[in-house]
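The values are calculated or read from the model by the stated rules, or taken from the named source; none is laboratory data. Since we're looking at a predicted model, the values are computed, not measured. Glycine also receives a Cβ, built like all others from the backbone with ideal geometry; neighbour counts cover every protein chain displayed.
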Amino acid sequence: MKYRTLGNTGEKLSALGLGCMGMSFAYGPTDDKESIATLERALDLGINFWDTADMYANGANEELISRVLVPNRDKIFIATKFGFRFKDGVAGPSSATGTYFDASPAWIRVAVEASLKRLKIDTIDLYYAHRIDPNIPVEETVGALADLVKEGKVRYLGLSEASAASIRRAAAVHPIAALQSEYSLLTRDVEAEILSTTRALGITLVPYSPLARGLVTNTLQVDQLTEGDFRKTLPRYQSDVADNNHQLVASFAEIAHGKNCTPAQLALAWVLAQGDDIIPIPGTKKRKYLEENAGAIDLNLTPEDLAAIEAVIKQYPHTGERYSEASLKLVNH
Ligand SMILES: NC(=O)c1ccc[n+]([C@@H]2O[C@H](COP(=O)([O-])OP(=O)(O)OC[C@H]3O[C@@H](n4cnc5c(N)ncnc54)[C@H](OP(=O)(O)O)[C@@H]3O)[C@@H](O)[C@H]2O)c1
């Protein structure tokens, strides 16, 4: 494994982290035994940066991770997030009716204690606001988070899907170590003004869904997603854009074939190539994918490779929105 530094913290994190969401939530059937084996394999591979959130299966994902985290506490840098709340306590995807966002100081207190309890640890390494709360000045949210740092409940702070303006305002209150936002071959919003902002402030970008939720691996069958799969609610995985996306990923797979790697490895290598201040967190619940993805670390992309990839993306631009309208309202605040 190769390692990259988190913001200005001096912390060395594996250049590829591990997104744990799918082990409990969002992407079809789960298998705790295989998920635990995947977490243990991540340790063997030196993948020490693990990502979860309190809303993934309403806390069950944090509980699952704790089974490997607790006996290996010194080897893992654990990131979790807060802010999505469920009316009636029922878990569901973030776009579901009945889900709302709350980054108030009062809720942060409740949320952090609940995450610490489920993770069975004393301190969270990186604590993200899962979104910017449109109803609360970001300074209030970050002020409350800074108190958690002082109290030793949290070590570093992060934001997710924040606008450039919010990032600047937040960083003026307390150092922000990471911004976690969607970034992949198919979602490049951060390139407009976010990356220059994080770079100016010494903040690491942590791309989530770097495989476009499995789409760019050229193995996802969008017409066979199971009931309850979150992707069924997202425009990008619907039949009206299926042809465009199928052709895009098939052409992308040809480039991968020419480089003797898999599309997943090429997609991750592309994200890694965008800068040393970027640490993607591909998600998987399976050892075989984890091992495959780790291979992206040693893949070097030439300017010709990057140009060929760029040409394919340009050729098939109708990829569909990454989120539903309701969810898009909560990003870039
Ligand atoms: N901050 C936020 O708002 C936010 C939003 C979404 C996600 N996240 C975080 O980011 C992490 C990563 O994002 P993500 O999981 O949404 O998307 P992703 O990493 O782009 O893709 C995950 C999907 O790709 C599949 N996959 C992984 N490696 C593969 C391979 N080598 N070949 C074929 N398929 C492969 C997985 O399958 P299996 O599930 O079968 O392994 C899963 O369906 C999440 O786990 C979560 O921790 C954060």
Inset, instruction - Look through the stretch 283-333, keep the residues that are hydroxyl-bearing (S, T, Y) and within 27 Å of A42 (Cβ to Cβ), and return whichever of them is surrounded by the most Cβ atoms within 10 Å (Cβ to Cβ). - result: T284
Inset, instruction - Find the residue count for the stretch 291-333, including only residues that are within 20 Å of V190 (Cβ to Cβ), among the acidic types (D, E) and in a helix (DSSP H, G or I). - result: 1
Inset, instruction - Of all residues in the stretch 44-65, count the ones that are in a helix (DSSP H, G or I), surrounded by 20 or more Cβ atoms within 10 Å (Cβ to Cβ) and either more than 17 Å from the chain's Cα centre (by Cα) or touching a residue at least 60 places away in the same chain (Cβ under 8 Å) (or both). - result: 1
Legend entry - Residue list for the stretch 33-65, restricted to those being closer than 19 Å to K81 by Cβ, within 14 Å of the ligand (Cβ to nearest atom) and among the charged types (D, E, K, R): D51, D54, E62
Inset, instruction - Restrict the check to the stretch 203-219 and report whether at least one residue is more than 11 Å from the ligand (Cβ to nearest atom), loosely packed, with under 14 Cβ neighbours inside 10 Å and modelled with pLDDT of 95 or more. - result: no
Legend entry - Neighbours by Cβ (under 8 Å, 6+ apart or cross-chain): first from the stretch 10-22, over 20 Å from Q274 (Cβ atoms); second among the acidic types (D, E): E11/D125; C20/D51; M21/D51
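Kindly indicate which of A178, A200 is in contact with a strand residue (DSSP E or B) (Cβ under 6 Å, 6 or more places away or on another chain) and at pLDDT 95 or above.
Details: A200 fails: in contact with a strand residue (DSSP E or B) (Cβ under 6 Å, 6 or more places away or on another chain).
The conditions single out A178.
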Legend entry - Matching residues in the stretch 1-43 - criterion: being assigned to a helix (DSSP H, G or I) and of a type outside the set (D, E, K, R): M21, G22, M23, S35, I36, A37, T38, L39, A42, L43
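Run down A96, A79 and say which single residue is at pLDDT 95 or above and among the hydrophobic types (A, V, I, L, M, F, W, C). Break it down into steps so the answer makes sense when it comes.
Details: A96 fails: at pLDDT 95 or above.
Being at pLDDT 95 or above and among the hydrophobic types (A, V, I, L, M, F, W, C) holds for just one of A96, A79, which is A79.
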Inset, instruction - From (1) at pLDDT 95 or above; (2) outside any helix (DSSP H, G or I); (3) basic (K, R), pick out the condition that doesn't hold for R85. - result: (1)
Inset, instruction - Please name all residue pairs, on different chains or six or more residues apart, with Cβ atoms under 7 Å, provided the first residue is in the stretch 177-199 and is more than 14 Å from Q274 (Cα to Cα) and within 14 Å of the ligand (Cβ to nearest atom) and the second residue is at pLDDT below 95 and in a strand (DSSP E or B). - result: none
Inset, instruction - Check E113, E34 and return the single one that is surrounded by fewer than 18 Cβ atoms within 10 Å (Cβ to Cβ), within 18 Å of K288 (Cα to Cα) and modelled with pLDDT of 95 or more. - result: E34
